[in-house]
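**Student:** My structure is below; once you've seen it, I'll send some questions.
The values are calculated or read from the model by the stated rules, or taken from the named source; none is laboratory data. In this text, all values refer to a predicted model and were calculated from it rather than measured experimentally. With ideal geometry, Cβ positions are generated from the backbone for all residues, glycine too; neighbour counts draw on all protein chains shown. Ligands, DNA and RNA are excluded from the accessible area calculation, which covers all protein heavy atoms including side chains. Shrake-Rupley method; radii C 1.70, N 1.55, O 1.52, S 1.80 Å.
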Amino acid sequence: MSIVQGYRAYIWLSQRHIYVLKTETSWYGGVRSRQLYLYDCPGDWLAWPEKIKKCLRDIIAVYGLQDYTTYLLLSGPSLLWKELKLATKRKEEARSMVVWDEAIGDGSTAYAFDLARTAEPPEGGLYGWMSAAYPYDMVTDMIQTLRSGNCCVRRIDVLPAAAGRLCPSGTGILYLCEPALIHVVQLKSGVPLSYACTSALPEEGRIWQEAQEQMHHGVWYDEEKGMWSIPPVSESVKRDMDRWELVYPAAVLAAY
């Protein structure tokens, strides 16, 4: 398969939508253009292999992603994000421990997962790790469908990690509000500590949002100051949002 250099598609697979950020770069790495698209999906599309394949085939055809290098971003209730304490700082050993102890899920579903070490232990203690896991069959269906559409899958990431790059300096809770789902990521200086999905903002957050002149789909609660605001995004992402008119919640793709 021949890949055209400089053509990339960042794809966020969410509960009711697929967000596609098409990016064209110059030969020296500068961004020449970004286009953001929103594809509506059936509410249960991620529960059925054939619907996953159909939706991905559709976005390849509709948005012309053939020969693009693609980057997937996973999220939603199927994503398991968990803090672990392990007696090793080596990633391969940590992966073996997770598999051996069946620390991912309840054993009824096979998961594709990855780990990242987050903290050094106190003397004689355990190392801190974060694990991200997603149903294995769903991941393979996504990869195979994209490849069959002549897309090169370069990388798969998860929403909490992208949220940490979006807001690398804040300590608080990021709410990314979609019409049918709100993604909740707790961050500490850009490190994602927890991830969950809910249907509504906390009451104080809802009151703050309603008081704004326009509805914000990215909402931030600063745990140190006890204040609600728009998210404190990184300067590079802010420039991208302004230049290419990127809106929440899909702006997280600019932080990929």
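**Student:** As a test of reading the structure, rank Asp222, Asp44 by solvent-accessible area (1.4 Å probe, protein chains only), most first.
**Tutor:** So the residues, ranked largest to smallest area, are Asp44, Asp222.
**Student:** What figure, in Å² to the nearest 10, do you get for the accessible area of Ser189 with a 1.4 Å probe and non-protein molecules left out?
**Tutor:** Approximately 70 Å² for this residue.
**Student:** Would you mind working out the accessible area per residue for the stretch 176-256, using a 1.4 Å probe, and quoting it in Å²?
**Tutor:** Each residue of the stretch 176-256 exposes 56 Å² on average to a 1.4 Å probe.
**Student:** Further question: What is the ratio of the Cα radius of gyration of the stretch 116-256 to 2.2 N^0.38 Å, where N is its residue count, to two decimals? Numbers along the way, then the final one.
**Tutor:** Working: Rg = 17.1 Å, N = 141, 2.2 N^0.38 = 14.4 Å.
Ratio of Rg to 2.2 N^0.38 Å for the stretch 116-256: 1.18.
**Student:** The stretch 76-163: which GluC sites (Glu not before Pro) are DSSP loop and have at most 10 other beta-carbon atoms within 10 angstrom?
**Tutor:** For GluC sites (Glu not before Pro) across the stretch 76-163 that sit outside H, G, I, E and B with at most 10 neighbouring Cβ atoms in 10 Å, the list reads Glu102, Glu123.
**Student:** With every protein chain in place, what's the accessible area of Lys82 (1.4 Å probe, Å², nearest 10)?
**Tutor:** Near enough 90 Å² of accessible area.
**Student:** P(r) for the stretch 35-119, please, calculated from all Cα pair distances in 10 Å bins and given in %.
**Tutor:** That works out to 12, 35, 26, 22, 5, in percent per bin.
**Student:** Still on this structure, I have one more. What percentage of the solvent-accessible surface of the stretch 108-256, computed with a 1.4 Å probe over protein heavy atoms, is contributed by carbon and sulfur atoms?
**Tutor:** Within the stretch 108-256, the accessible surface is 49 percent carbon and sulfur.
**Student:** Report Rg/Rh for the chain, rounded to two decimals, where Rg is the Cα radius of gyration and Rh the Kirkwood radius.
**Tutor:** 0.97
**Student:** May I ask you to rank Leu201, Leu80, Leu166 by accessible area, largest first, using a 1.4 Å probe over the protein chains only?
**Tutor:** So, going from the largest accessible area down, we get Leu80, Leu201, Leu166.
**Student:** Hand me the GluC sites (Glu not before Pro) from the stretch 174-256 located in a DSSP loop with no more than 11 other Cβ atoms within 10 Å, in residue order please.
**Tutor:** Passing both the DSSP loop test and the Cβ count: Glu213, Glu224, Glu245.
**Student:** Distance cut-off 32 Å, Cα to Cα: go down the list Lys51/Lys82; Lys82/Lys225; Lys53/Lys82; Lys51/Lys91; Lys89/Lys238 and report the pairs above it.
**Tutor:** Too far apart for the 32 Å limit: Lys51/Lys91; Lys89/Lys238.
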